[in-house]
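Student: Following this message is one structure expressed as structure tokens.
Laboratory data are not the source of any read-out in this text; all were calculated from the coordinates shown. In this text the structure is predicted, and so the values were computed from the model without any measurement. As a convention, Cβ positions derive from the backbone with ideal geometry for all residues, glycine included, and neighbour counts pool all protein chains shown.
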Amino acid sequence: MTIGTKPIEVSPDPFPPFMIGQGHVVGKLVFLSGQASIDANGAIVGAGDVEAQITQAMANIERALAAAGSSIDRIFKITVYLTDMSHFDKIMAMRERYFSAPWPADTTVGVQALALPELMVELDVIATTA
């Protein structure tokens, strides 16, 4: 058990089978686990469609942040894990769709694979609480 933090809880939660939590609130900071294209019931959404996967991952982020008393407009750091860097233009479109200046700090990493073979993108954010 993690001591000194407030675990983030959503229901239903697809994460328990993987033995990870949605994230934790530490003071006024929200640290989320990486969010991918897995719906609330644990099903993959948008296999083969990176845009659909980004949309689902951002919906998961929005849901977890709301449970933590935060929101997408409070994200100040995002890390993107992308299995095919030829889709980087879709990441740029995501930034434009969900964020505005001053832009969140960002790291984009090309990776060979993610936890499940159908996943193409995973998003990891840090935000502040309201």
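Student: Among 68, 14, 93, which residue has its Cα positioned farthest towards the positive end of the charge dipole of the chain, with +1 placed on the Cβ of Lys and Arg, -1 on the Cβ of Asp and Glu, and the dipole taken about the Cα centre?
Tutor: Most positive-ward Cα: 68.
Student: Between residue 66 and residue 96, how high is the FRET efficiency from 1/(1 + (r/R0)^6) when r is the Cβ-Cβ distance and R₀ = 35 Å? Nearest 0.05. Let's see the in-between values first.
Tutor: Working: r = 22 Å, r/R0 = 0.64.
Efficiency computed from Cβ-Cβ geometry: 0.95.
Student: Suppose a student asked you for the relative contact order of segment 6-128, using Cα pairs under 8 Å spaced at least 6 residues apart; what percent would you report? It would help to have the intermediate numbers written out before the result.
Tutor: Numbers: 227 pairs, mean separation 39.1, N = 123.
It rounds to 32 percent for segment 6-128.
Student: Taking the Cα centre of segment 50-112 as origin, sum charge times position over the Cβ atoms of Lys and Arg (+1) and Asp and Glu (-1), and report the length of that vector in debye to the nearest 20. Before the final figure, lay out the partial values.
Tutor: Working: 6 positive and 7 negative charges, 38 e Å.
Dipole of segment 50-112, to the nearest 20 debye: 180 debye.
Student: State to the nearest 20 debye the size of the charge dipole of the chain about its Cα centre, where the only charges are +1 on K and R beta carbons and -1 on D and E beta carbons. Present the calculation step by step, with values, prior to reporting the outcome.
Tutor: Details: 8 positive and 14 negative charges, 103 e Å.
It works out to roughly 500 debye.
Student: Might you report the magnitude of the Cβ-based charge dipole of segment 76-120 about its Cα centre, with Lys and Arg at +1 and Asp and Glu at -1, to the nearest 20 debye? Show your work: numbers first, answer last.
Tutor: Values: 4 positive and 5 negative charges, 33 e Å.
Computed about the Cα centre, the dipole is about 160 debye.
Student: Nearest 5 is fine: what % of DSSP beta bridges in the chain come out antiparallel, could you say? Can you show the working numbers first?
Tutor: Numbers: 18 of 24 bridges.
If we restrict to bridges inside the chain, about 75 percent are antiparallel.
Student: Continuing with the same structure: List the lysines whose alpha-carbon lies under 27 Å from that of residue 6, not counting same-chain residues fewer than 8 positions away?
Tutor: Qualifying lysines at Cα under 27 Å: 28, 77.
Student: Arrange the peptides 68-75, 100-107, 120-127, 88-95 so that the one whose residues have, on average, the most other Cβ atoms within 10 Å appears first. If you can, show how the numbers build up before the last one.
Tutor: Details: 68-75: 18.6, 100-107: 10.4, 120-127: 23.8, 88-95: 14.6.
Top to bottom by mean Cβ count within 10 Å: 120-127, 68-75, 88-95, 100-107.
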